[in-house]
Amino acid sequence: MTLITQHYKLQKRDNYNLVSFAGELDAHMVETLSPALQLQLDAGCSHLIVDLKQVSFIDSHGVGLFVTLLKRTHQSRGRFVIAGADGQPAAVLRMVGLDDTLATYCSDKEAAIALLAMAS
Amino acid sequence: MHMDTALTIPATQTDYLPGTRQASQHRHTFTMHTPAFATLSALRRNIRERLVPWRLTPACMSDLQFTVSEVITNLVKHPPRKATTVRVTLSAEGNQIAIDISDDSTPFATFIAECNTSRRRLTQRDELHVGGYGIGCLIELLTDMHYTPANLSLDGWNHFTAKMAKHVTAPVRTAAVQKKETLNSNFQAAHAGDKKTPLICLIDDNAVTLNLYKSFLEQHYNVHTYTYATDALASFKNRMPDVIIADLSLTDMDGVAFRHRLSDIDGGSQIPFVFLSSHNNLRQEIDANLTGIDDFLCKPVSSDRMLSVVNRLIRRSYQIASCVQGSFDRKLNSMLHPELPHTAHNWRIATRSSRAEAGGGDFILYQNETDRLFGVVADVMGHGRDAKFFSCAYAGYLRSFIQALRSEEGPAHFLEKLSAAIHSDNFFNVSPMTCLAFELCTEGLIKLSIAGHPPPSFCMSKSGISQAKQLDIAGPLPGLIAANHYQQVSLKLEKGERLLMATDGYWAISERREALHSALEMAAVLDIERAADALWQAHIDHSRASLRPQDDTTLILLEAGGAR
């Protein structure tokens with residue numbers, strides 16, 4: 001099942017959810033999308049891939065969103081991974097030290113393979 | 001996707017400083033009325049467009065946009081009385097950007113405390129917080145960060161001021177400049193081996209991964225990145241890396257094939273090698289490990305983990321190289337150690353020598369017969385392992401020549417036969433050698449011939465006055481032409497008179513032979529062993545003052561007449 005909103009695309013796969021963001025993941029965007037996204041994720045499975053391939057900018061609210069999602073997946077014994085971070089988003093993740101905490105992959109396909117390997 | 005395409009900042013201007021137009025290009029002011037989250041994207045876009053003339057790198061521009069965005073986000077989010085106007089002034093000051101963000105909101109009362117709290121959150125990795133990253137990031141990006149509340153500022157506005165490093169892209173290059181840069185780049189690539197910083201070669205077909213891992217290592221190492229294995233292999237012709245980190249799945253060949261191709265290159269199999277894998281694949285890992293690698297890293301790899309692995313491999317490979325080289329050099333040095341007997345045919349002999357750490361090629365051979373000692377002092381040109389290798393080869397070759405020498409054949413005859421043999425030998429033509437052949441006979445008679453070697457110096461004493469001078473003798477390098485002819489000098493030394501023979505390492509560093517002649521004259525009153533010590537010390541003193549590379553050095557002091 002795929003859910004496409006103004007700010008993100010949510011794909012529910014057999015074993016994981018894939019959320020693909022686009023544009024600038026700043027305070028305004030996070031405030032706008034976060035409630036709906038979390039509501040939709042609650043009904044889904046525990047593993048989550050966040051794809052940042054189409055994201056050109058994130059700020060501290062974007063980082064906060066990732067931490068929120070990470071905590072949610074951990075609470076449901078799931079895994080949270082980030083895919084496709086490049087440029088400014090990758091630099092911010094490094095700056096806050098989250099690249100050590102979150103598993104990061106070059107693409108959503110790599111992330112999916114790793115997620116399945118870790119879960120098996 | 002743009003979220004706020006319908007929203008623009010109500011008033012944005014570029015504020016010019018008084019004075020020249022050029023000065024105005026270094027300062028821009030952006031004004032936001034009724035700032036809100038929704039207008040920040042437009043502000044970032046405006047900053048990017050206005051500052052194009054500054055030629056900031058993408059990373060620097062991103063950091064600047066992030067900084068402004070974070071500060072204004074806090075102004076929108078936290079003060080009880082929201083700001084009605086925010087002014088952002090950005091000034092280029094040399095290699096820095098000065099940032100001044102002023103507003104009319106309720107001042108922050110706990111700015112310093114917020115900074116301290118955010119710093120702790122950034123470093124405390126095991127307890128993740130949803131918020132608090134903004135100011136922490138600003139602390140990472142900025143210097144000279146200050147907050148002046150309205151009641152303490154001159155204009156009655158709150159001011160957040162800070163500076164950040166200004167990184168600019170290279171200016172547009174002309175064809176001539178590009179050509180010059182290419183030449184410089186080629187030169188640097190060709191001479192990259194001269195640099196001491198270890199070179200790490202990263203190979204991955206994903207540019208994002210390459211840049212990420214490069215950023216982990218580049219503060220400590222030279223890092224070359226390649227998306228194609230064939231490009232990496234081609235680069236090894238210029239310089240072999242100290243560590244190779246390659247992904248198992250490459251575009252033009254798989255990692256295992258790359259590892260095999262590397263092993264086919266001379267010295268390739270000795271380079272520490274790490275495989276990267278995107279996922280846990282036991283079969284792939286087994287295949288990779290069978291190729292004889294040093295480590296295996298599963299993505300994602302943290303910066304600490306990658307640095308730890310590379311540091312360990314660099315240290316270990318240097319240890320092994322040093323150990324192997326040291327053992328090799330010790331064996332060679334003991335084989336080539338220049339030494340002569342202390343006495344022979346009523347001559348006293350003192351020998352001193354030093355070996356260059358990286359190699360060098362001095363050696364002495366002699367054959368002591370009933371009525372003479374026939375000796376050869378040789379210096380294989382060049383430095384390093386090659387010179388050491390050729391020294392060994394020459395030593396064996398010359399030994400057979402000396403043993404085959406007939407009793408009536410003297411030094412000149414020896415050098416002529418040797419020169420002819422070297423001339424016809426392609427192997428020895430590669431590395432030239434200088435040579436001094438001598439024959440010590442009874443009653444102070446010495447016969448000498450030299451082939452490209454520095455001439456000896458003679459020290460005589462009369463009525464308590466010593467005088468040293470260089471012998472007028474010369475001869476071409478052995479093997480230069482098919483039939484070299486060598487001059488032979490016969491000297492008859494009186495009791496106590498001395499002859500100083502030395503290799504190029506001694507004279508070259510000393511440079512002023514006159515100074516060494518003075519030392520030789522002053523040492524005439526000393527016993528030969530103490531005189532050799534004094535001359536050797538003079539050489540060491542000159543070596544310390546000289547910037548020349550170290551070379552093998554050999555000194556032989558001969559004294560006629562036996563013990564005094």
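The values are calculated or read from the model by the stated rules, or taken from the named source; none is laboratory data. Since the structure is predicted, the reported quantities are computational estimates derived from the model, not experimental observations. No Cβ is skipped: glycine too gets one built from the backbone with ideal geometry, and neighbour counts run over all protein chains shown. Just so you know, the surface numbers come from the protein's heavy atoms only, side chains and all, with ligands and any DNA or RNA stripped out. Shrake-Rupley method; radii C 1.70, N 1.55, O 1.52, S 1.80 Å.
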Accessible surface of region B:197-257, 1.4 Å probe, proportion on carbon and sulfur as whole %: 44 percent
List, in order, the whole-Hz ³J(HN,Hα) value for each residue of region A:100-117 obtained from phi through the Karplus relation with A = 6.51, B = -1.76, C = 1.60 and θ = phi - 60°; use x for Gly and Pro. 7, 8, 9, 6, 10, 9, 6, 9, 5, 5, 4, 4, 5, 4, 5, 4, 5, 5
Residues whose modelled amide H sits under 5 Å from the amide H of B:Thr343, counting only those 5 or more places away in sequence or on another chain, are B:Ile349
Of the listed pairs B:Lys388/B:Lys447; B:Lys166/B:Lys214; A:Lys71/B:Lys214; A:Lys53/B:Lys214; A:Lys53/B:Lys163; B:Lys166/B:Lys237, those with alpha carbons more than 27 Å apart are B:Lys388/B:Lys447; A:Lys71/B:Lys214; A:Lys53/B:Lys163; B:Lys166/B:Lys237
Just add up the charged neighbours of B:Leu233: K/R +1, D/E -1, any other residue whose Cβ is under 13 Å from the Cβ of B:Leu233. 0
If amide hydrogens are placed 1.01 Å from N in the peptide plane, which non-local residues have theirs closer than 5 Å to the one on B:Gly475? B:Gly452, B:His453
Residues meeting the amide H criterion for A:Tyr16 (H placed from the backbone, H to H distance under 5 Å, 5 or more places apart or on another chain) are none
Contact surface B-A: accessible area buried, both sides summed, square angstrom, 1.4 angstrom probe: 3400 Å²
Among the listed pairs A:Lys12/B:Lys299; B:Lys417/B:Lys462; A:Lys109/B:Lys77, which are separated by more than 31 Å between their Cα atoms? B:Lys417/B:Lys462; A:Lys109/B:Lys77
At what distance in nm do the modelled label points of A:Lys71 and B:Asp264 sit from each other, each positioned 7 Å from its Cα along Cα→Cβ? 5.6 nm
Around B:Pro35 (Cβ within 11 Å, Cβ-to-Cβ, excluding B:Pro35; K/R +1, D/E -1) the net charge comes to +1
Ignoring ligands, DNA and RNA, what percent of the 1.4 Å accessible area of region B:337-560 is carbon and sulfur? 52 percent
Calculated over region A:20-73: convex hull of Cα atoms, volume per residue (Å³): 67 Å³
Would you mind counting up the charge near B:Pro272? Only other residues with Cβ under 13 Å from its Cβ, with Lys and Arg at +1 and Asp and Glu at -1. +1
Could you tell me the distance between the Cα centroids of region B:444-497 and region B:137-169, to the nearest Å? 79 Å
accessible surface per residue for chain A, probe 1.4 Å, DNA/RNA/ligands not counted, whole Å² -> 40 Å²
